[in-house]
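**Student:** Handing you a structure now.
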Amino acid sequence: FGKFKIILNSVVGIIRDQHIQYVWGMQRDISEQKKIEQQIRESEAKLTAIASTMPQALYVYDIRTHKTVYSNREVW
């Protein structure tokens, strides 16, 4: 077998009198995008595992929204 690919299909059609008159579409290879998304998930899992076991408190705070984005401890 060849290489595994993930393809996104988009199809548009025109229906007249309850019958399909015209159909056209596009296929896009999103394999690289899915590979990168998986790498990000794995990286986030590693970071979470490290942060949850470290003895220090770690907070990520968004100064624009004034909210804690991540914390490895309960907020006081």
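The values are calculated or read from the model by the stated rules, or taken from the named source; none is laboratory data. Computed from a predicted structure; not experimentally measured. Cβ atoms come from the backbone with ideal geometry, glycine included; neighbour counts cover every protein chain shown. To get the accessible areas, we keep the full protein, side chains included, count just its heavy atoms, and leave off ligands, DNA and RNA. Shrake-Rupley method; radii C 1.70, N 1.55, O 1.52, S 1.80 Å.
**Student:** So if R0 is 35 Å, what FRET efficiency would ARG73 and GLN39 give, r being the distance between their Cβ atoms, rounded to the nearest 0.05?
**Tutor:** Efficiency for this residue pair is about 0.80.
**Student:** Further question on the same structure: In whole Hz and in residue order, list the ³J(HN,Hα) couplings for the stretch 60-73 that follow from phi through the Karplus curve 6.51 cos²θ - 1.76 cosθ + 1.60, θ = phi - 60°; x for Gly and Pro.
**Tutor:** Residue by residue, the stretch 60-73 yields 10, 10, 8, 6, 6, 9, 6, 10, 6, 7, 8, 8, 8, 9 Hz.
**Student:** With labels modelled as points extended 7 Å from the Cα through the Cβ direction, what inter-label distance (nm, one decimal) is found for THR53 paired with THR65?
**Tutor:** Those two pseudo-labels are separated by 2.9 nm.
**Student:** Can you pull the percent of the chain's accessible area that's carbon plus sulfur, 1.4 Å probe, other chains left in place?
**Tutor:** With neighbouring chains kept in place, the figure for the chain is 59 percent.
**Student:** Another question about this same structure. For the chain, what is the number of Lys pairs with C-alpha distance below 21 angstrom, counting only pairs 8 or more positions apart or on separate chains?
**Tutor:** The number of close lysine pairs in the chain is 6.
**Student:** Using only Cα atoms, what is the ratio of the radius of gyration of the stretch 1-73 to 2.2 N^0.38 Å?
**Tutor:** 2.00
**Student:** Here's a follow-up. Rounded to the nearest whole Å², what accessible area per residue is found for the chain with the 1.4 Å probe?
**Tutor:** With the other protein chains kept in place, the chain gives 96 Å² per residue.
**Student:** Dipole magnitude of the chain about its Cα centre, charges +1 at Lys/Arg Cβ and -1 at Asp/Glu Cβ only, in debye to the nearest 20? List each step's numbers first, then the result.
**Tutor:** Details: 11 positive and 8 negative charges, 23 e Å.
That gives the chain a dipole magnitude of about 120 debye.
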